[in-house]
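Have a look at the structure below, then the notes.
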Amino acid sequence: MNTSTKKKSAARFLKRTLAAGAVALAAVSLQPAGANAAPAPVVGGTRAAQGEFPFMVRLSMGCGGALYTQQIVLTAAHCVGASGNNTSITATAGVVDLNSSSAIKVKSTKVLRAPGYNGSGKDWALIKLAQPINLPTLKIAETTAYNNGTFTVAGWGATREGGSQQRYLMKATVPFVSDADCQAAYSGDIIPSEEICAGRLNVGGVDTCQGDSGGPMFRRDNAGAWIQVGIVSWGIGCARPDYPGVYTEVSTFAAAIKSAAAGM
Ligand code: ARG
């Protein structure tokens, strides 16, 4: 089997696994632990300051998310089960330290998984909370205007391939990777209209990782406000030089997200 065949089947295998849903964390076992020693912290990051990203949410199934409204969390489809009433998820917000006594914890009431989600693309979902959380929300990109530049990612996921989930919120910045470069890296497994890639191509060392899924990738808009352009979705390994992180392209789904949220 040549290298590109290997890459392709690996990517498909990973996507299928993600489709299995529950399970953000299941993907961890796919990674050869320690196969790639990327620098610590998300991979290659640093600790976020309390209040720096007030819209960040940790979800109890082991994913991230962002407050789209004070009562609706935007996350990844592969982090949730089917759409419907669902009181099994706890959202933790308001803290960088998940063990903090000031953590705000709210249960879910409903899940709305992207219509047509089948494990490939369309990796977004909404979770309705039992009560609103009085924290700033993160607006989503409604056009492609901000699908470029340098992005911030944050999460409580692994700080290296096969690593453990984190108690403290980590952050990092990653540059945009073009559809062409990403498609080449993943041997054609990217859905360019639905996915946006980011990472230090040919360098690696900085990336999201298992447990960051569902969390936002964001940047400043022209007015200086944070705007969400991506949702952590998948990648082969974490922070590997030849494999950028793959994110749901939020602008593609902004209208669908908006109307779905309005209907919850
Ligand atoms: N699918 C992973 C999760 O469920 C996120 C993986 C992101 N990987 C990457 N190399 N950026 O947490």
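The values are calculated or read from the model by the stated rules, or taken from the named source; none is laboratory data. Here the structure is a predicted model, which is why all the values come from computation and not from measurement. Quick reminder, even Gly has a Cβ in these numbers, built from the backbone with ideal geometry, and neighbours come from all protein chains shown.
Listing for the model above:
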| item | result |
| --- | --- |
| First in the range 243-255 and closer than 26 Å to V43 by Cβ, second anywhere and within 8 Å of the ligand (Cβ to nearest atom) and among the polar types (S, T, N, Q), Cβ under 9 Å, 6 or more apart | G245/T208; G245/S233; V246/S233; Y247/T208; Y247/S233; T248/S233 |
| The range 238-264, residues that are touching a Phe, Trp or Tyr at 6+ places or on another chain (Cβ under 6 Å) and within 10 Å of the ligand (Cβ to nearest atom) | V246 |
| Selection from the range 105-146 of residues that are acidic (D, E) and either part of a strand (DSSP E or B) or closer than 19 Å to C79 by Cα (or both) | D123 |
| Boolean, L135 is away from the ligand (no atom under 16 Å from the Cβ) and either at pLDDT 95 or above or under 15 Å from the mean Cα position of the chain (by Cα) (or both) | yes |
| For M264: the one exception among (1) buried (at least 18 other Cβ atoms within 10 Å of the Cβ); (2) in contact with a Lys or Arg (Cβ under 6 Å, 6 or more places away or on another chain) | (1) |
| Pick from the range 191-217, criterion of a type in the set (V, I, T) and surrounded by fewer than 23 Cβ atoms within 10 Å (Cβ to Cβ), ranking: nearest to the ligand (Cβ to nearest atom) | V203 |
| Test result for A24, modelled with pLDDT under 95, within 22 Å of V174 (Cβ to Cβ) and either among the β-branched types (V, I, T) or surrounded by fewer than 16 Cβ atoms within 10 Å (Cβ to Cβ) (or both) | no |
| Single unsatisfied condition, V95 versus (1) among the aliphatic types (A, V, I, L, M); (2) over 25 Å from S120 (Cβ atoms); (3) within 16 Å of the ligand (Cβ to nearest atom) | (3) |
| Options R200, R219, R167, R240: the member that is among the charged types (D, E, K, R), at pLDDT 95 or above and under 14 Å from Y146 (Cα atoms) | R219 |
| D181 more than 16 Å from R47 (Cα to Cα), more than 16 Å from the chain's Cα centre (by Cα), within 16 Å of the ligand (Cβ to nearest atom) and at pLDDT 95 or above | yes |
| The listed residue being more than 16 Å from G121 (Cα to Cα) and part of a strand (DSSP E or B), out of Q228, Q210 | Q228 |
| Residue ID - surrounded by the most Cβ atoms within 10 Å (Cβ to Cβ), chosen from residues in the range 138-156 that are over 14 Å from the mean Cα position of the chain (by Cα) and either hydroxyl-bearing (S, T, Y) or within 16 Å of the ligand (Cβ to nearest atom) (or both) | Y146 |
| Positions within the range 157-175 being crowded, with 24+ Cβ neighbours inside 10 Å and either over 20 Å from R47 (Cα atoms) or in contact with a Phe, Trp or Tyr (Cβ under 8 Å, 6 or more places away or on another chain) (or both), in sequence order | L169, M170, V174 |
